[in-house]
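Chemist: Encoded as structure tokens, here's the structure I'll be asking about.
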Amino acid sequence: MAEKFSHFVLNNRRFFIFLILIFTLFMGYKGLDVEYNYDFSQTVPDTDEEMIYYNSFKKTFGEDGNVFAIGLKDSLIFNIEKFRLYNDYVGEVENIYGVKGALGLPRLQALKKNNEKKNFNFINIFDPLPNSQLEYDSLLSQIKNEKFYEGKILNDVGALTLLVTIDKNVLNSESRNQLMNDLISTSERFSLESGIKLHYAGLPYSRYILAESVKKELTMLLIVSVVVLGIILFIFFRSIDTVFVPLIIIGIVVTWVFGTLALFGFKITLLTGLLPPIIVVIGIPNCVYMLNYYHFSIQKLKDKKKAIVNVIKTIGLITLITNLTTAVGFFVLSTTDIKILTEFGIVAGVNVLATFFVSIFLLPSIYLALPKPKSNQVNYLNYGFINYLINTFREISFSYKKRVFIVSIIIMIVSFYGLSKIKSVSFLVDDVPAESSLMKDLKFFESNFSGVMPLEIVVDSKMKKGIQNLNLLKRVDRLEQFLEQKDYVSSPISLVTFIKASRQAYYNNNPSFYTLPNNRDKNFIFRYISDGYENNVSNDNLSKSFVDSIGQKMRISLNVADLGSMKLDSVVKNVFRPEIDKIFSKSKAEVAMTGTTLIFIKGINFLVENLLQSMLLAFFIISIIMSMLFKNFKMVIISLIPNIIPLIIAGGIMGYFNIPLKPSSALVFSIVFGISVDYSIHFLAKFKNELQSKKLEDSIINTINQTGRSMIFTSFILFFGFIIFAFSNFGGTIVLGVLTSIILFVAMITNLTLLPSIILYFYKK
């Protein structure tokens, strides 16, 4: 059967080459449509209760993450000439396509009582623009009395912020990149002209910068991985064709990666952006195993075609199985219900399998057309250093079995302790260098305006127009005063803050009256407030953003500092929630928290809960595959032990070095397990074949001699391939690269020492 398949591949090679070429052109064309994206909500499934509530909140009150904040802290802004430039700049921002509005110093409004009409009018404070410095200073003094803006648009140390609201339809379309480019270029022109440094924050900006960074990273890592691995291949094989043929094969699969993303409707994220270089790193060893066996076969058989047939016949099925187990390590991620991991797992799994099919149909066909390898091209089979390593591993396995077991047990115990110290901590703006402009700007907003992470509190009065109840409003005011006391929380905005501003305006803008109405003036104040409802407490704009259509629910909007998922979770559960329950304990109203911040926390916790489940599933599926391959349950157990230990060591390292568990670092376990099992399959398949004609000890010796070389070669390739990721600008990618490189090297050692030791100790022919 295997030999028939070998001849089938070679006899129809032109057809398969043509088919792969046509499909590659199609996938390349589709791949041009792939978009870049960085969405924090992708870590929580749409079916989750908190996600459902969050989506319901957005339908009622609008987006919580569509504000682009532009901050500054420079005394120059209080110069009349600089202010005029700033006013022109704000006008330019307002005219950019996709901008719904901009609230900043030049656009601040004040409420003015109209005694004739018994209502309030919104008056633009800087309309008309001041003509002199003296007039400008007078208006600035007036603004200091407008308590509504305190801590929101300006603070007591002279920091200002411009809040740019972006149309959600533009934000969720391909036009968002042009929008962000226009906003940033306009801002940079103002900075250059005025000499005032601007700082940027907000989810639209963070997502834009991170998406652009992913794009640059993808290109850089892809190019570097190809160059580095090309050099390594040349050093090993000393042949141009053994460099370019594997790279051509992997280049085809990388093209398919982009096509797969497009066909499934996925976008390039911080995780899927790693797939092309990962496929390069994983796919090259696939070719190396085949080339290695081809060179062994040609030395033995002395005939090129027979050697190629032997490659397909002998290791074709084994290579399929190894690719399948690697793919399983990725596919199980799709069971987590975490969108970004699901997308990564599906695309990675599909294209790892694709790597096998492209390799098995192209590599033999190409080498059939190429000249027979020269003697210097197979000299690597007898490298002194490789021979030394193989002899060392063989000596350890045969002479120090018990010591190998003892050392393995000790390492596991130590690693288990480190494993117990792993924490799941992530930040909204994560994995970004501390010296980057994004992080510096984030620190600016956290120090001057307390934070940029949106948190929403919804108060449900449980009755139509229930938000008009003064006792309820007083409870909300108590909550807001409590929140304002926290240095990691920005000044809240709600219906209450608007009502307090209205009362201040009613009493001729006296700051001391910036409070809720009392029973004596309540009716007068509410009568003056614009009628978004009939005789209620909201104007039309406010009702759309902070009050639902029937006056039953109200929204308290605030921002918190990026404290990290663990601390934020503690703050929400142990600080905010108890105080909310205390304040509203004797009220019929229900108070819920939602927003991007809570979804972010939920996503990180969700990741931890699902990781163990997915890994157990991977163990189960791979065990079934290996039992079908070897038809021996003992072999399955033997094969899994050397591959579980590297995973435990990886967890131990993470615990000891305070490396948090998050989507990027979680990939280490899937990649390591999927690839390390490949080592075992190659080893055991060769061992099983040798055992048919040789004694146990001789079978192991021959297995180590032959598969050991391939394993050492691929380990070097994988090590240098993944260590490239250490040059990333993202902390998570660096961890992924360094840890994967180290642990895969450990996996090679365990499969060449522990695995043979276990076989020698427990296996009976």
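Chemist: Taking L760, is it modelled with pLDDT of 85 or more and out of contact with any Asp or Glu (no Cβ under 9 Å at 6 or more places or on another chain)?
Modeler: Values: modelled with pLDDT of 85 or more: yes; out of contact with any Asp or Glu (no Cβ under 9 Å at 6 or more places or on another chain): no.
Judged against the criteria, L760 is not a match.
Chemist: Let me ask something else about it. Would you be able to tell me the number of residues in the stretch 261-305 that are more than 26 Å from I232 (Cα to Cα), modelled with pLDDT of 80 or more, part of a helix (DSSP H, G or I) and out of contact with any Leu (no Cβ under 9 Å at 6 or more places or on another chain)?
Modeler: 1
Chemist: Now, a different point. Among K113, K152, which is modelled with pLDDT under 80, out of contact with any helix residue (DSSP H, G or I) (no Cβ under 7 Å at 6 or more places or on another chain) and not assigned by TED's automatic domain parsing to the domain that holds F526?
Modeler: Result of the check over K113, K152: K152.
Chemist: Another question, then. Take G98 and decide whether it is of a type outside the set (S, T, Y), at pLDDT 90 or above and within 20 Å of A201 (Cα to Cα).
Modeler: So G98 passes the test.
Chemist: Within the stretch 41-51, does at least one residue satisfy the condition of being free of Cβ contacts under 8 Å to residues at least 24 places away in the same chain, assigned by TED's automatic domain parsing to the domain that holds G265 and within 26 Å of the chain's Cα centre (by Cα)? Lay out the reasoning, then the answer.
Modeler: So in the stretch 41-51, the residues free of Cβ contacts under 8 Å to residues at least 24 places away in the same chain come out as 46, 49.
Remaining after also requiring assigned by TED's automatic domain parsing to the domain that holds G265: 46, 49.
Cutting the leftovers down to within 26 Å of the chain's Cα centre (by Cα) gives us 46, 49.
Yes, the stretch 41-51 has at least one match.
Chemist: Listed residues V224, V257; which is within 17 Å of V358 (Cβ to Cβ) and either touching a Cys at 6+ places or on another chain (Cβ under 8 Å) or assigned to a helix (DSSP H, G or I) (or both)?
Modeler: Of V224, V257, the one residue that is within 17 Å of V358 (Cβ to Cβ) and either touching a Cys at 6+ places or on another chain (Cβ under 8 Å) or assigned to a helix (DSSP H, G or I) (or both) is V257.
Chemist: Filter the stretch 140-181 down to the residues that are part of a helix (DSSP H, G or I) and surrounded by fewer than 18 Cβ atoms within 10 Å (Cβ to Cβ) and list them by number.
Modeler: The answer is L140, S141, Q142, I143, K144, K168, N169, N177, Q178, N181.
Chemist: Separate question: For residues in the stretch 728-740 being part of a helix (DSSP H, G or I) and of a type in the set (S, T, N, Q), which is farthest from the chain's Cα centre (by Cα)?
Modeler: T740
Residue by residue, here is whether (1) of a type in the set (A, V, I, L, M); (2) outside the structural domain of Y294 (by TED's automatic domain parsing); (3) in a helix (DSSP H, G or I); (4) surrounded by fewer than 23 Cβ atoms within 10 Å (Cβ to Cβ) holds:
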position: V332; (1), (2), (3), (4): yes, no, yes, no
position: T342; (1), (2), (3), (4): no, no, yes, yes
position: I390; (1), (2), (3), (4): yes, yes, yes, yes
position: I396; (1), (2), (3), (4): yes, yes, yes, yes
position: R403; (1), (2), (3), (4): no, yes, yes, yes
position: I406; (1), (2), (3), (4): yes, yes, yes, yes
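Chemist: Check the stretch 288-307 and report whether any residue there is crowded, with 20+ Cβ neighbours inside 10 Å, over 20 Å from F713 (Cα atoms) and not assigned by TED's automatic domain parsing to the domain that holds S173.
Modeler: Yes: one or more hits.
Chemist: Quick one: count up the residues across the stretch 469-508 that are part of a helix (DSSP H, G or I), without any contact (Cβ under 8 Å) to a residue 24 or more places away in the chain and more than 24 Å from A561 (Cα to Cα).
Modeler: Number satisfying all stated conditions: 1.
Chemist: For M27, state whether it is at pLDDT 90 or above, surrounded by 17 or more Cβ atoms within 10 Å (Cβ to Cβ) and in a helix (DSSP H, G or I).
Modeler: The answer is yes for M27.
Chemist: So which pairs qualify, if the first residue must be in the stretch 184-204 and over 23 Å from F78 (Cα atoms), the second must be of a type in the set (K, R), the Cβ gap must be under 8 Å, and the two must be at least 6 apart or on different chains?
Modeler: Hits for this filter: P204/R176.
Chemist: Next question. Hey, can you tell me all the residues within the stretch 569-600 that are in a loop (DSSP other than H, G, I, E, B), more than 27 Å from the chain's Cα centre (by Cα) and either surrounded by 14 or more Cβ atoms within 10 Å (Cβ to Cβ) or in contact (Cβ under 8 Å) with a residue 12 or more places away in the chain (or both)? Talk me through it step by step, then tell me what you get.
Modeler: The first filter runs over the stretch 569-600 and keeps only residues in a loop (DSSP other than H, G, I, E, B), leaving 584-589, 595.
Keeping just the survivors that are more than 27 Å from the chain's Cα centre (by Cα) gives 584-589.
The answer is F584, S587, K588, A589.
Chemist: Let me ask something additional. Taking the stretch 446-460 on its own, how many of its residues are in contact (Cβ under 8 Å) with a residue 24 or more places away in the chain and under 24 Å from L160 (Cβ atoms)?
Modeler: 9
Chemist: Do any helices (runs of 4 or more DSSP H) entirely within the stretch 618-727 hold 2 or more residues that are in contact (Cβ under 8 Å) with a residue 12 or more places away in the chain, of a type in the set (S, T, Y) and in contact with a Lys or Arg (Cβ under 7 Å, 6 or more places away or on another chain), and if so, which?
Modeler: Ranges flagged: 696-723.
Chemist: OK, next. Could you list, in sequence order, the residues of the stretch 481-497 that are of a type outside the set (S, T, Y) and in contact with a helix residue (DSSP H, G or I) (Cβ under 6 Å, 6 or more places away or on another chain)?
Modeler: F482, V489, P492, L495, V496
Chemist: If I123 meets every condition in (1) of a type in the set (A, V, I, L, M); (2) over 14 Å from L163 (Cα atoms); (3) touching a Pro at 6+ places or on another chain (Cβ under 7 Å) apart from one, which number is that one?
Modeler: (3)
Chemist: So, one more: Consider Y136 carefully, then state whether it is within 24 Å of R84 (Cα to Cα), crowded, with 18+ Cβ neighbours inside 10 Å, over 46 Å from the mean Cα position of the chain (by Cα) and touching a residue at least 12 places away in the same chain (Cβ under 8 Å).
Modeler: Yes.
The values are calculated or read from the model by the stated rules, or taken from the named source; none is laboratory data. Keep in mind that what you see is a predicted model, and the values were worked out from it rather than measured. With ideal geometry, Cβ positions are generated from the backbone for all residues, glycine too; neighbour counts draw on all protein chains shown.
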